[in-house]
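> Provided herewith is a single structure, encoded as structure tokens, for subsequent inquiry.
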Amino acid sequence: MPTCRMMALAGFLGGTAAASKYLALATVLTPLAAAAVMRLWRFRSGSRVRAVVLLLVLVVGATVPMAPWIARNLVWTGNPVYPYLTDLFGGPPSGLSIGNERNLNIDLPHSKVGALAASAGAVVRRTFTPRYEEGLLGPHWLFLLPVAAMVTGLRPRLRSPLWAATLVGFLCWGFLVQYVRFLLPVLVPAAALAGVVPPALGRKVSGLTRGAFTALLVLVFAWNASGLLSKLNIDRLTTVTGFLSDRDYRARWIDVAPATDFISASLPSDARVLMVAEARSFGLKRQVIVEDPYRAPLLVEMAGAASSAEDLVRRLRRLGVTHILVNEREIERMARIRRVDDYWAPASERSRRLIQSFFKTQVIRVFYIEHLWVGELRAPQAE
């Protein structure tokens with residue numbers, strides 16, 4: 001029997017996930033709410049008031065970890081879920097919307113029926129055509145879950161909530177993102193359903209059928225393992241087990257690593273680095289101002305207010321910036337993230353010339369390799 005403590009804890013954990021990433025509202029909290037409704041719906045008519053109370057406790061539990069973020073957004077923008085839903089709740093223009101984000105990730109049909117069907121079938125599609133994550137979603141789900149729907153191995157009071165969470169979770173995931181790593185919360189209730197299949201079959205089928213089923217599972221897991229044996233995953237494993245150093249791993253897979261290693265090893269301990277066209281600070285042991293890939297570059301904003309390249313240096317120095325890191329390879333990708341053709345947009349011609357002058361006259365390069373360079377800001381002249 002659900003208790004207030006259980007519901008509060010479940011809500012709190014789900015709210016913690018949503019406070020970490022908006023997507024968890026769909027892949028964690030929505031399936032959790034569906035499971036709760038299905039579980040509480042089975043209460044007798046005389047216990048409906050208790051069911052409503054338990055549901056409210058779940059909502060309150062989920063709200064607690066989300067409250068600081070919601071309050072911050074309300075105070076700063078007036079929109080509790082900024083930068084999304086600005087048409088509904090208002091807030092400064094962000095250029096982001098759920099529809100645009102979805103269209104960037106997946107290609108759903110335009111009709112509502114077609115989009116619903118494609119979302120429902122996404123788990124099948126991404127099993128065989130994953131988005132950059134081969135092997136993470138194995139085909140065993142495609143036959144374990146249908147079999148689980150036909151066998152009895154769980155009590156009815158558990159089956160309905162687990163199926164509600166699984167199906168709603170699959171649908172939300174298929175409609176929004178379709179990256180396998182974001183499906184992991186949904187696979188938790190799915191695993192509980194799939195786990196009853198082997199013992200249930202063991203009681204009802206012949207030894208030959210059980211043997212064939214076991215062989216099929218072994219082949220599926222071998223298929224999964226072969227998909228995971230990429231060079232990247234092998235390097236991840238050897239790093240975790242200590243056979244490959246963190247520095248070597250970063251050098252192989254993070255193109256900014258040579259610059260960040262140089263900064264950590266060579267710059268003064270009180271240095272502060274402005275990262276341009278780069279948002280990854282892995283391994284950095286100095287203070288940084290990391291670029292927000294969804295906003296215009298900080299240099300563009302500051303150049304618009306500066307009167308000269310020297311004034312731009314003074315303004316950066318007031319922020320504590322002593323050095324600058326530029327990743328020229330990332331410039332085009334950063335522009336695509338903001339859906340603009342030019343990384344320096346929306347800078348005016350004057351601001352562009354000022355930034356070019358700043359790079360040429362006010363920055364001394366202290367590290368350079370291919371597409372990466374680090375520069376030290378010149379000391380500003382006395383005003």
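The values are calculated or read from the model by the stated rules, or taken from the named source; none is laboratory data. Bear in mind the structure is a predicted one, so any value in this text is a computation, not a measurement. Please note: Cβ atoms are built from the backbone with ideal geometry, for glycine as well, and neighbour counts cover all protein chains shown.
> Does ALA271 qualify as being within 26 Å of ALA347 (Cα to Cα), of a type outside the set (S, T, N, Q) and surrounded by 15 or more Cβ atoms within 10 Å (Cβ to Cβ)?
Working: within 26 Å of ALA347 (Cα to Cα): no; of a type outside the set (S, T, N, Q): yes; surrounded by 15 or more Cβ atoms within 10 Å (Cβ to Cβ): yes.
It is false that ALA271 is within 26 Å of ALA347 (Cα to Cα), of a type outside the set (S, T, N, Q) and surrounded by 15 or more Cβ atoms within 10 Å (Cβ to Cβ).
> Now for a separate question. Out of ASN224, ASN233, report the one residue that is out of contact with any Ser or Thr (no Cβ under 7 Å at 6 or more places or on another chain) and free of Cβ contacts under 8 Å to residues at least 40 places away in the same chain. Please lay out each step first, then the result.
Numbers: ASN224 fails: free of Cβ contacts under 8 Å to residues at least 40 places away in the same chain.
None of the other options fit; the residue is ASN233.
> I would also like to ask the following. Does region 200-223 contain at least one residue that is small (Gly, Ala, Ser), within 28 Å of ALA17 (Cα to Cα) and at pLDDT below 85? Reasoning before the result, please.
If we filter region 200-223 for residues that are small (Gly, Ala, Ser), which is where we start, we get 200, 202, 206-207, 211-212, 215, 222.
Checking the rest, the ones that are also within 28 Å of ALA17 (Cα to Cα) come to none.
Checked region 200-223: no residue is small (Gly, Ala, Ser), within 28 Å of ALA17 (Cα to Cα) and at pLDDT below 85.
> Here's something else I'd like to know. Check whether at least one residue in region 321-329 is over 17 Å from VAL366 (Cβ atoms) and more than 22 Å from the chain's Cα centre (by Cα), and report yes or no. Can you show your working first?
So the first thing to find is which residues in region 321-329 are over 17 Å from VAL366 (Cβ atoms), and the list is 329.
Checking the rest, the ones that are also more than 22 Å from the chain's Cα centre (by Cα) come to 329.
Checked against the condition, which is being over 17 Å from VAL366 (Cβ atoms) and more than 22 Å from the chain's Cα centre (by Cα), region 321-329 yields at least one hit.
> Just checking, how many residues over region 344-383 are farther than 21 Å from ILE254 by Cα and of a type outside the set (S, T, N, Q)?
In the first step, residues of region 344-383 are kept if they are farther than 21 Å from ILE254 by Cα; the result is 344-365, 376-383.
Next, only the ones that are of a type outside the set (S, T, N, Q) stay: 344-347, 349-350, 352-355, 358-360, 363-365, 376-380, 382-383.
The total comes to 23.
> While we're on this one: Name the residue, out of ARG272, ARG252, ARG295, ARG247, that is under 23 Å from the mean Cα position of the chain (by Cα) and at pLDDT 85 or above.
On the way: ARG272 fails: under 23 Å from the mean Cα position of the chain (by Cα); ARG295 fails: at pLDDT 85 or above; ARG247 fails: under 23 Å from the mean Cα position of the chain (by Cα).
Criteria check complete, one pass: ARG252.
> Looking only at helices (runs of 4 or more DSSP H) that fall completely inside region 209-303, which ones have 2 or more residues that are aliphatic (A, V, I, L, M) and over 28 Å from GLU370 (Cα atoms)? Give the steps one after another, and end with the answer.
Working: elements: 231-240, 246-253, 257-266.
Hits in region 209-303: 231-240.
> Kindly check whether there is at least one residue in region 43-62 that is modelled with pLDDT of 85 or more and hydroxyl-bearing (Ser, Thr, Tyr).
Scanning region 43-62, I find no residue that is modelled with pLDDT of 85 or more and hydroxyl-bearing (Ser, Thr, Tyr), so the answer is no.
> For region 242-257, what are the residues that are of a type outside the set (D, E, K, R) and surrounded by fewer than 16 Cβ atoms within 10 Å (Cβ to Cβ)?
Of the residues in region 242-257, the ones of a type outside the set (D, E, K, R) are 242-245, 249, 251, 253-254, 256-257.
Selection gives GLY242, PHE243, SER245, ALA251, TRP253, ILE254.
> Please enumerate the residues belonging to region 316-358 that are surrounded by 17 or more Cβ atoms within 10 Å (Cβ to Cβ) and assigned to a helix (DSSP H, G or I).
Pass one, region 316-358, residues surrounded by 17 or more Cβ atoms within 10 Å (Cβ to Cβ): 316, 321-327, 330-331, 334-335, 338, 343-344, 347, 351, 354-355, 358.
LEU316, GLU330, ILE331, MET334, ALA335, SER351, LEU354, ILE355, PHE358, listed by residue number.
> Could you tell me whether any residue of region 171-179 is in contact with a His (Cβ under 7 Å, 6 or more places away or on another chain) and either surrounded by fewer than 19 Cβ atoms within 10 Å (Cβ to Cβ) or in contact (Cβ under 8 Å) with a residue 40 or more places away in the chain (or both)? Show your work before the answer.
The first filter runs over region 171-179 and keeps only residues in contact with a His (Cβ under 7 Å, 6 or more places away or on another chain), leaving none.
Taking every residue of region 171-179 in turn, none turns out to be in contact with a His (Cβ under 7 Å, 6 or more places away or on another chain) and either surrounded by fewer than 19 Cβ atoms within 10 Å (Cβ to Cβ) or in contact (Cβ under 8 Å) with a residue 40 or more places away in the chain (or both).
> Is region 181-198 home to any residue that is over 30 Å from LEU284 (Cα atoms), in a helix (DSSP H, G or I) and over 28 Å from the mean Cα position of the chain (by Cα)?
Checked region 181-198: at least one residue is over 30 Å from LEU284 (Cα atoms), in a helix (DSSP H, G or I) and over 28 Å from the mean Cα position of the chain (by Cα).
> Looking at region 87-169, what helices (runs of 4 or more DSSP H) fall wholly within it and have at least 2 residues that are at pLDDT 85 or above? Steps first, answer last, please.
Details: elements: 98-105, 112-120, 122-128, 140-150.
Filter on region 87-169 gives 112-120, 122-128, 140-150.
> Determine the pairs where a residue that is in the same structural domain as TYR22 (by TED's automatic domain parsing), located within region 71-95, has a partner that is small (Gly, Ala, Ser) and part of a helix (DSSP H, G or I) with Cβ atoms under 9 Å apart, the partner being 6 or more residues away or on another chain.
If the second residue must be small (Gly, Ala, Ser) and part of a helix (DSSP H, G or I), the pairs left are PRO80/ALA71.
> Against the condition within 24 Å of ASP255 (Cα to Cα) and touching a strand residue (DSSP E or B) at 6+ places or on another chain (Cβ under 6 Å), how does VAL340 come out, does it pass? Before you say what the answer is, go through the steps one by one.
Working: within 24 Å of ASP255 (Cα to Cα): yes; touching a strand residue (DSSP E or B) at 6+ places or on another chain (Cβ under 6 Å): no.
No: the conditions fail for VAL340.
> With respect to the numbered conditions (1) at pLDDT below 90; (2) within 27 Å of ARG181 (Cβ to Cβ), which one is the sole condition not fulfilled by TRP76?
If we test TRP76 against (1) at pLDDT below 90; (2) within 27 Å of ARG181 (Cβ to Cβ), just (2) comes out false.
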